[in-house]
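The values are calculated or read from the model by the stated rules, or taken from the named source; none is laboratory data. Values in this document were obtained by computation on a predicted structure and should not be read as measured data. Note: ideal-geometry Cβ built from the backbone for every residue, glycine included; neighbour counts use all protein chains shown. Each accessible area value is taken on the protein alone, full model and side chains, heavy atoms only, with ligands, DNA and RNA left out. Shrake-Rupley method; radii C 1.70, N 1.55, O 1.52, S 1.80 Å.
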Amino acid sequence: MITPVMPTYARWDVAVDHGEGCWLYAEDGRKFLDFTSGIAVTGLGHCHPHLVEAVTTQAKRLWHVSNLFRIPGQERLAQRLVDNSFADTVFFGNSGAEACELALKVARKYQHETGHPERYRIIGCEGSFHGRSFATLAAAGNERYLEGFGPPMDGFDHVAFGNLNEMRAAIGSETAAIIVEPVQGEGGVRPGTDAYLRGLRAIADEFGLMLIFDEVQSGMGRTGKLFAYQWSGVTPDIMSIAKALGGGFPIGACLATERAAVGMGPGTHGSTFGGNPLAVAAGNAVLDVMLAPGFFDQVEATARAFRGRLEELVRSYPKLFAELRGTGLLLGIRCVVPAGDFVTRLRQNGLLALTAGDNVLRLLPPLVVSEAELASGMDILHKVAREWSA
Ligand SMILES: *Cc1c(COP(=O)(O)O)cnc(C)c1O
(Lines give C-alpha, C1' and ligand atoms only; values in the text may rest on other atoms or scores of the structure.)
Protein backbone atom coordinates (compact mmCIF):
# COMPACT_ATOMS: atom_id res chain seq x y z
CA MET A 1 0.00 0.00 0.00
CA ILE A 2 1.31 3.42 -0.89
CA THR A 3 2.45 5.61 1.97
CA PRO A 4 0.54 8.81 2.73
CA VAL A 5 3.73 10.69 1.82
CA MET A 6 4.29 9.96 -1.87
CA PRO A 7 7.23 7.57 -1.89
CA THR A 8 9.53 9.55 -4.22
CA TYR A 9 12.51 9.53 -1.85
CA ALA A 10 14.74 6.77 -0.48
CA ARG A 11 14.80 8.18 3.03
CA TRP A 12 17.25 7.55 5.84
CA ASP A 13 16.05 5.93 9.03
CA VAL A 14 16.33 9.17 10.99
CA ALA A 15 13.14 10.84 12.27
CA VAL A 16 14.32 14.35 13.00
CA ASP A 17 13.25 16.25 16.08
CA HIS A 18 15.30 19.42 16.41
CA GLY A 19 18.59 21.02 15.48
CA GLU A 20 21.11 23.47 16.83
CA GLY A 21 24.03 24.80 14.82
CA CYS A 22 25.85 21.83 13.27
CA TRP A 23 23.92 19.30 15.32
CA LEU A 24 20.77 17.42 14.48
CA TYR A 25 18.77 15.45 17.03
CA ALA A 26 16.50 12.52 16.18
CA GLU A 27 13.25 11.60 17.93
CA ASP A 28 14.88 8.46 19.33
CA GLY A 29 17.58 10.50 21.07
CA ARG A 30 20.39 9.99 18.55
CA LYS A 31 22.60 13.01 17.90
CA PHE A 32 24.30 13.69 14.56
CA LEU A 33 26.95 16.05 13.30
CA ASP A 34 25.21 17.44 10.24
CA PHE A 35 27.54 17.93 7.26
CA THR A 36 24.61 17.89 4.82
CA SER A 37 23.27 21.31 5.81
CA GLY A 38 19.88 20.26 4.44
CA ILE A 39 21.60 19.85 1.03
CA ALA A 40 23.42 23.20 1.07
CA VAL A 41 20.47 25.07 2.57
CA THR A 42 21.17 25.63 6.27
CA GLY A 43 24.43 27.43 5.60
CA LEU A 44 24.24 29.16 8.97
CA GLY A 45 23.44 25.93 10.80
CA HIS A 46 20.15 24.90 12.36
CA CYS A 47 18.08 27.52 14.20
CA HIS A 48 20.64 30.32 13.99
CA PRO A 49 19.51 32.77 16.70
CA HIS A 50 19.44 35.77 14.37
CA LEU A 51 17.30 33.91 11.82
CA VAL A 52 14.96 32.60 14.51
CA GLU A 53 14.54 36.12 15.85
CA ALA A 54 13.95 37.66 12.40
CA VAL A 55 11.41 35.07 11.30
CA THR A 56 9.47 34.95 14.57
CA THR A 57 9.31 38.75 14.73
CA GLN A 58 8.04 38.85 11.13
CA ALA A 59 5.59 36.01 11.83
CA LYS A 60 3.84 38.24 14.38
CA ARG A 61 3.65 41.22 11.96
CA LEU A 62 2.70 39.93 8.51
CA TRP A 63 3.16 36.71 6.54
CA HIS A 64 1.73 37.13 3.10
CA VAL A 65 -0.05 39.75 1.01
CA SER A 66 0.67 38.80 -2.68
CA ASN A 67 2.73 40.77 -5.14
CA LEU A 68 -0.12 43.20 -5.79
CA PHE A 69 1.49 45.16 -2.95
CA ARG A 70 4.85 46.79 -2.45
CA ILE A 71 6.77 44.64 0.00
CA PRO A 72 9.50 46.74 1.66
CA GLY A 73 11.46 43.72 2.87
CA GLN A 74 11.49 42.35 -0.69
CA GLU A 75 12.75 45.68 -2.06
CA ARG A 76 15.46 45.69 0.58
CA LEU A 77 16.57 42.12 -0.14
CA ALA A 78 16.64 42.83 -3.88
CA GLN A 79 18.70 46.00 -3.33
CA ARG A 80 21.19 44.12 -1.16
CA LEU A 81 21.58 41.33 -3.74
CA VAL A 82 22.05 43.96 -6.46
CA ASP A 83 24.62 45.82 -4.34
CA ASN A 84 26.57 42.61 -3.81
CA SER A 85 26.48 41.03 -7.27
CA PHE A 86 26.68 41.72 -11.02
CA ALA A 87 22.90 42.09 -11.18
CA ASP A 88 20.61 45.09 -11.56
CA THR A 89 17.32 43.39 -10.81
CA VAL A 90 15.91 40.39 -8.93
CA PHE A 91 12.75 38.24 -9.09
CA PHE A 92 11.86 36.18 -6.03
CA GLY A 93 10.37 32.69 -6.24
CA ASN A 94 10.28 29.74 -3.89
CA SER A 95 12.83 27.22 -5.10
CA GLY A 96 15.89 26.56 -7.19
CA ALA A 97 13.93 24.99 -10.02
CA GLU A 98 11.70 28.05 -10.30
CA ALA A 99 14.71 30.35 -10.27
CA CYS A 100 16.32 28.34 -13.09
CA GLU A 101 13.05 28.15 -14.98
CA LEU A 102 12.80 31.94 -14.93
CA ALA A 103 16.46 32.29 -15.94
CA LEU A 104 15.61 30.30 -19.09
CA LYS A 105 12.55 32.48 -19.72
CA VAL A 106 14.51 35.72 -19.28
CA ALA A 107 17.13 34.50 -21.77
CA ARG A 108 14.55 33.66 -24.43
CA LYS A 109 12.69 36.90 -23.82
CA TYR A 110 15.91 38.89 -24.21
CA GLN A 111 16.47 37.37 -27.64
CA HIS A 112 12.87 38.01 -28.60
CA GLU A 113 13.07 41.65 -27.55
CA THR A 114 16.39 42.33 -29.27
CA GLY A 115 15.43 41.22 -32.74
CA HIS A 116 16.09 37.48 -32.55
CA PRO A 117 12.77 35.75 -31.86
CA GLU A 118 14.16 32.68 -33.65
CA ARG A 119 16.73 32.15 -30.90
CA TYR A 120 15.18 29.92 -28.26
CA ARG A 121 17.54 26.99 -27.79
CA ILE A 122 19.60 26.69 -24.61
CA ILE A 123 22.84 24.76 -24.26
CA GLY A 124 23.38 22.93 -20.97
CA CYS A 125 26.16 20.71 -19.71
CA GLU A 126 26.28 17.01 -19.05
CA GLY A 127 26.36 16.20 -15.34
CA SER A 128 24.43 19.32 -14.43
CA PHE A 129 21.34 19.67 -12.29
CA HIS A 130 18.85 22.54 -12.51
CA GLY A 131 15.73 21.16 -10.80
CA ARG A 132 12.80 18.82 -11.41
CA SER A 133 10.41 20.89 -13.54
CA PHE A 134 10.02 19.94 -17.22
CA ALA A 135 12.21 22.78 -18.52
CA THR A 136 14.94 22.40 -15.92
CA LEU A 137 15.05 18.62 -16.44
CA ALA A 138 15.39 19.22 -20.17
CA ALA A 139 18.10 21.82 -19.56
CA ALA A 140 20.18 19.34 -17.55
CA GLY A 141 19.33 16.41 -19.78
CA ASN A 142 19.89 13.73 -17.13
CA GLU A 143 18.13 10.71 -18.60
CA ARG A 144 17.63 9.06 -15.24
CA TYR A 145 15.35 11.91 -14.15
CA LEU A 146 13.56 12.25 -17.51
CA GLU A 147 12.74 8.55 -17.89
CA GLY A 148 9.03 7.85 -18.12
CA PHE A 149 7.88 11.44 -18.22
CA GLY A 150 7.35 11.64 -21.96
CA PRO A 151 9.44 13.41 -24.55
CA PRO A 152 11.77 15.96 -22.98
CA MET A 153 10.82 19.55 -23.67
CA ASP A 154 12.23 20.81 -26.96
CA GLY A 155 14.85 23.53 -27.13
CA PHE A 156 17.83 22.15 -25.23
CA ASP A 157 21.23 20.92 -26.38
CA HIS A 158 23.97 19.33 -24.29
CA VAL A 159 27.74 19.36 -24.30
CA ALA A 160 30.47 18.08 -21.99
CA PHE A 161 31.10 20.27 -18.94
CA GLY A 162 34.48 21.96 -19.17
CA ASN A 163 34.80 21.64 -22.95
CA LEU A 164 34.80 24.98 -24.82
CA ASN A 165 35.25 23.39 -28.25
CA GLU A 166 32.07 21.34 -27.83
CA MET A 167 30.26 24.44 -26.57
CA ARG A 168 31.32 26.45 -29.60
CA ALA A 169 30.37 23.64 -31.98
CA ALA A 170 26.90 23.28 -30.46
CA ILE A 171 25.92 26.89 -31.17
CA GLY A 172 23.50 27.38 -34.04
CA SER A 173 21.34 30.16 -35.44
CA GLU A 174 18.58 29.29 -32.94
CA THR A 175 20.78 29.30 -29.82
CA ALA A 176 19.68 31.80 -27.17
CA ALA A 177 21.75 31.01 -24.11
CA ILE A 178 24.18 28.83 -22.19
CA ILE A 179 23.31 27.55 -18.69
CA VAL A 180 26.12 26.30 -16.47
CA GLU A 181 26.78 25.65 -12.79
CA PRO A 182 30.13 27.33 -11.98
CA VAL A 183 30.62 24.39 -9.63
CA GLN A 184 28.57 21.31 -10.48
CA GLY A 185 27.03 20.12 -7.22
CA GLU A 186 24.72 17.13 -7.68
CA GLY A 187 26.74 15.96 -10.69
CA GLY A 188 29.81 15.20 -8.60
CA VAL A 189 31.22 18.42 -7.08
CA ARG A 190 33.11 19.56 -10.17
CA PRO A 191 34.34 23.16 -10.31
CA GLY A 192 34.64 24.82 -13.70
CA THR A 193 38.09 26.40 -14.05
CA ASP A 194 38.45 30.17 -14.30
CA ALA A 195 39.65 29.69 -17.88
CA TYR A 196 36.49 27.71 -18.69
CA LEU A 197 34.19 30.36 -17.24
CA ARG A 198 36.14 33.11 -19.05
CA GLY A 199 35.83 31.09 -22.25
CA LEU A 200 32.08 30.76 -21.81
CA ARG A 201 31.77 34.52 -21.34
CA ALA A 202 33.77 35.15 -24.50
CA ILE A 203 31.69 32.67 -26.51
CA ALA A 204 28.44 34.14 -25.22
CA ASP A 205 29.59 37.64 -26.18
CA GLU A 206 30.82 36.57 -29.59
CA PHE A 207 27.55 34.88 -30.54
CA GLY A 208 25.16 37.24 -28.77
CA LEU A 209 24.04 34.62 -26.24
CA MET A 210 22.91 35.05 -22.66
CA LEU A 211 25.21 33.41 -20.11
CA ILE A 212 23.25 31.91 -17.21
CA PHE A 213 25.02 30.74 -14.07
CA ASP A 214 23.05 28.36 -11.86
CA GLU A 215 24.37 29.15 -8.38
CA VAL A 216 21.51 27.50 -6.51
CA GLN A 217 24.04 25.28 -4.72
CA SER A 218 27.34 27.16 -5.13
CA GLY A 219 25.91 30.56 -4.17
CA MET A 220 25.16 32.17 -0.82
CA GLY A 221 28.58 31.63 0.66
CA ARG A 222 29.12 27.94 -0.02
CA THR A 223 32.46 28.47 -1.79
CA GLY A 224 33.77 31.15 0.59
CA LYS A 225 32.44 34.15 -1.34
CA LEU A 226 28.81 35.21 -1.60
CA PHE A 227 28.74 33.76 -5.14
CA ALA A 228 31.14 31.26 -6.72
CA TYR A 229 31.48 33.33 -9.92
CA GLN A 230 33.23 36.02 -7.87
CA TRP A 231 36.34 33.84 -7.62
CA SER A 232 36.82 34.00 -11.38
CA GLY A 233 35.64 37.57 -11.90
CA VAL A 234 33.50 36.29 -14.79
CA THR A 235 29.97 37.67 -14.56
CA PRO A 236 26.89 36.07 -16.05
CA ASP A 237 23.91 37.92 -17.55
CA ILE A 238 21.43 35.92 -15.50
CA MET A 239 21.85 33.86 -12.33
CA SER A 240 19.63 31.56 -10.29
CA ILE A 241 20.04 31.21 -6.54
CA ALA A 242 17.99 29.50 -3.82
CA LYS A 243 19.05 26.84 -1.28
CA ALA A 244 20.96 28.84 1.38
CA LEU A 245 19.27 32.17 0.51
CA GLY A 246 16.63 31.66 3.22
CA GLY A 247 18.77 29.57 5.55
CA GLY A 248 16.05 26.89 5.48
CA PHE A 249 13.04 29.05 4.69
CA PRO A 250 11.96 28.32 1.09
CA ILE A 251 13.02 31.18 -1.18
CA GLY A 252 14.77 31.37 -4.53
CA ALA A 253 15.68 34.21 -6.84
CA CYS A 254 16.60 34.98 -10.42
CA LEU A 255 19.10 37.81 -10.79
CA ALA A 256 19.73 39.61 -14.06
CA THR A 257 21.41 42.62 -15.58
CA GLU A 258 19.22 45.43 -16.84
CA ARG A 259 20.19 44.47 -20.39
CA ALA A 260 19.16 40.82 -19.92
CA ALA A 261 15.86 41.69 -18.25
CA VAL A 262 14.83 44.07 -21.05
CA GLY A 263 11.62 42.18 -21.76
CA MET A 264 10.51 41.43 -18.21
CA GLY A 265 7.83 44.08 -17.74
CA PRO A 266 4.52 43.85 -15.85
CA GLY A 267 2.64 40.64 -16.57
CA THR A 268 5.59 38.69 -18.00
CA HIS A 269 6.14 36.52 -14.92
CA GLY A 270 4.71 35.97 -11.49
CA SER A 271 4.49 33.85 -8.37
CA THR A 272 1.82 33.77 -5.68
CA PHE A 273 4.16 33.10 -2.77
CA GLY A 274 7.39 34.46 -4.25
CA GLY A 275 9.14 36.99 -2.04
CA ASN A 276 6.42 37.16 0.60
CA PRO A 277 7.21 39.12 3.78
CA LEU A 278 8.09 36.01 5.80
CA ALA A 279 10.45 34.60 3.16
CA VAL A 280 12.29 37.86 2.58
CA ALA A 281 12.66 38.36 6.34
CA ALA A 282 14.59 35.08 6.33
CA GLY A 283 16.62 36.16 3.31
CA ASN A 284 17.49 39.52 4.84
CA ALA A 285 18.49 37.84 8.10
CA VAL A 286 20.82 35.50 6.20
CA LEU A 287 22.44 38.49 4.50
CA ASP A 288 22.78 40.31 7.85
CA VAL A 289 25.04 37.47 8.96
CA MET A 290 26.89 36.83 5.71
CA LEU A 291 27.59 40.47 4.91
CA ALA A 292 28.97 41.24 8.37
CA PRO A 293 32.67 42.15 8.18
CA GLY A 294 34.95 39.13 8.43
CA PHE A 295 32.29 36.47 7.81
CA PHE A 296 33.78 35.19 4.57
CA ASP A 297 37.35 35.43 5.93
CA GLN A 298 36.22 32.96 8.55
CA VAL A 299 34.53 30.69 5.99
CA GLU A 300 37.68 30.73 3.86
CA ALA A 301 39.90 29.86 6.81
CA THR A 302 37.56 27.04 7.82
CA ALA A 303 37.44 25.74 4.26
CA ARG A 304 41.25 25.77 3.98
CA ALA A 305 41.61 23.83 7.22
CA PHE A 306 38.95 21.29 6.23
CA ARG A 307 40.45 20.83 2.78
CA GLY A 308 43.91 20.15 4.21
CA ARG A 309 42.56 17.47 6.50
CA LEU A 310 40.49 15.86 3.77
CA GLU A 311 43.52 15.77 1.47
CA GLU A 312 45.38 13.92 4.17
CA LEU A 313 42.46 11.50 4.59
CA VAL A 314 42.34 10.79 0.85
CA ARG A 315 46.13 10.24 0.76
CA SER A 316 45.94 7.89 3.76
CA TYR A 317 43.37 5.55 2.20
CA PRO A 318 44.13 5.17 -1.51
CA LYS A 319 42.14 1.92 -1.63
CA LEU A 320 39.01 3.79 -0.48
CA PHE A 321 39.35 7.27 -2.00
CA ALA A 322 40.49 8.48 -5.42
CA GLU A 323 40.51 12.27 -5.23
CA LEU A 324 39.30 15.37 -3.39
CA ARG A 325 37.22 17.83 -5.40
CA GLY A 326 35.44 21.09 -4.92
CA THR A 327 35.93 24.54 -3.57
CA GLY A 328 35.24 26.30 -0.28
CA LEU A 329 32.86 24.19 1.78
CA LEU A 330 31.39 22.51 -1.29
CA LEU A 331 33.65 19.48 -1.16
CA GLY A 332 33.54 15.96 -2.50
CA ILE A 333 35.67 12.86 -2.36
CA ARG A 334 35.48 10.63 -5.40
CA CYS A 335 35.47 7.18 -3.88
CA VAL A 336 36.86 3.85 -4.99
CA VAL A 337 34.46 2.04 -2.66
CA PRO A 338 30.72 2.71 -3.10
CA ALA A 339 30.18 6.27 -1.81
CA GLY A 340 26.60 5.49 -0.73
CA ASP A 341 27.71 2.65 1.52
CA PHE A 342 30.42 4.82 3.03
CA VAL A 343 27.86 7.55 3.75
CA THR A 344 25.67 4.95 5.50
CA ARG A 345 28.59 3.92 7.74
CA LEU A 346 29.32 7.56 8.53
CA ARG A 347 25.71 8.05 9.56
CA GLN A 348 25.82 4.97 11.78
CA ASN A 349 28.78 6.64 13.47
CA GLY A 350 27.05 9.99 13.91
CA LEU A 351 28.19 11.98 10.87
CA LEU A 352 25.67 13.01 8.21
CA ALA A 353 27.10 13.35 4.69
CA LEU A 354 25.75 13.17 1.13
CA THR A 355 26.58 11.50 -2.12
CA ALA A 356 26.82 13.11 -5.55
CA GLY A 357 27.20 11.80 -9.10
CA ASP A 358 30.43 10.08 -10.15
CA ASN A 359 30.56 8.01 -6.91
CA VAL A 360 31.33 11.10 -4.85
CA LEU A 361 31.00 11.48 -1.08
CA ARG A 362 29.78 15.07 -0.67
CA LEU A 363 30.52 17.10 2.45
CA LEU A 364 28.62 20.35 3.03
CA PRO A 365 29.19 21.45 6.63
CA PRO A 366 27.44 24.62 7.76
CA LEU A 367 29.56 27.69 6.95
CA VAL A 368 29.68 28.39 10.69
CA VAL A 369 31.19 25.01 11.61
CA SER A 370 33.72 25.34 14.45
CA GLU A 371 37.24 24.00 14.64
CA ALA A 372 36.12 21.44 17.24
CA GLU A 373 33.20 20.29 15.09
CA LEU A 374 35.46 19.86 12.06
CA ALA A 375 37.78 17.80 14.22
CA SER A 376 34.86 15.61 15.37
CA GLY A 377 33.82 15.10 11.76
CA MET A 378 37.36 14.16 10.77
CA ASP A 379 37.55 11.69 13.66
CA ILE A 380 34.46 9.90 12.37
CA LEU A 381 35.74 9.91 8.77
CA HIS A 382 39.04 8.39 9.91
CA LYS A 383 37.34 5.85 12.15
CA VAL A 384 35.05 4.60 9.39
CA ALA A 385 37.88 4.55 6.86
CA ARG A 386 40.07 2.60 9.30
CA GLU A 387 37.32 0.06 10.05
CA TRP A 388 36.48 -0.30 6.36
CA SER A 389 40.12 -1.00 5.54
CA ALA A 390 40.52 -3.56 8.34
C1 LIG B 1 19.18 22.00 -5.80
C2 LIG B 1 19.49 22.61 -7.11
C3 LIG B 1 18.47 23.07 -7.97
C4 LIG B 1 17.01 22.84 -7.70
O5 LIG B 1 16.57 23.46 -6.55
P6 LIG B 1 15.14 23.09 -5.91
O7 LIG B 1 14.97 24.09 -4.82
O8 LIG B 1 15.23 21.68 -5.44
O9 LIG B 1 14.13 23.24 -6.99
C10 LIG B 1 18.85 23.71 -9.13
N11 LIG B 1 20.14 23.89 -9.45
C12 LIG B 1 21.14 23.46 -8.64
C13 LIG B 1 22.55 23.72 -9.03
C14 LIG B 1 20.84 22.80 -7.45
O15 LIG B 1 21.84 22.35 -6.69
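Laid out as a table, the results:
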quantity: Neighbourhood net charge (12 Å Cβ-Cβ; Lys/Arg +1, Asp/Glu -1) for TYR110; calculated: +2
quantity: Stokes-Einstein D in µm²/s, Kirkwood radius over Cα pairs - the stretch 284-349 at 10 °C with 1.306 mPa s viscosity; calculated: 116 µm²/s
quantity: Solvent-accessible area per residue for the chain (1.4 angstrom probe, square angstrom); calculated: 45 Å²
quantity: Partners for LYS243 among lysines (Cα-Cα distance below 23 Å; same-chain residues under 8 apart left out); calculated: LYS105, LYS225
quantity: Kirkwood Rh and Cα Rg combined as Rg/Rh, the chain; calculated: 0.96
quantity: Surrounding net charge for ARG144, when Lys and Arg each add one and Asp and Glu each subtract one, Cβ distance under 15 Å; calculated: -4
quantity: Accessible area (Å², 1.4 Å probe, nearest 10) - TYR317; calculated: 40 Å²
quantity: Residue-averaged [θ]222 nm for the chain, counting only DSSP H segments that reach four residues, each worth -39500 (n - 2.57); calculated: -11500 deg cm²/dmol
quantity: Cα centroid of the stretch 150-192 to Cα centroid of the stretch 6-67, whole Å; calculated: 33 Å
quantity: The chain: relative contact order as a whole-number percent, Cα under 8 Å and 6+ apart; calculated: 22 percent
quantity: Accessible surface ranking that places the most exposed of SER218, SER389, SER370 first, with a 1.4 angstrom probe; calculated: SER389, SER370, SER218
quantity: Apportionment of accessible area to carbon and sulfur, the chain, percent (1.4 Å); calculated: 54 percent
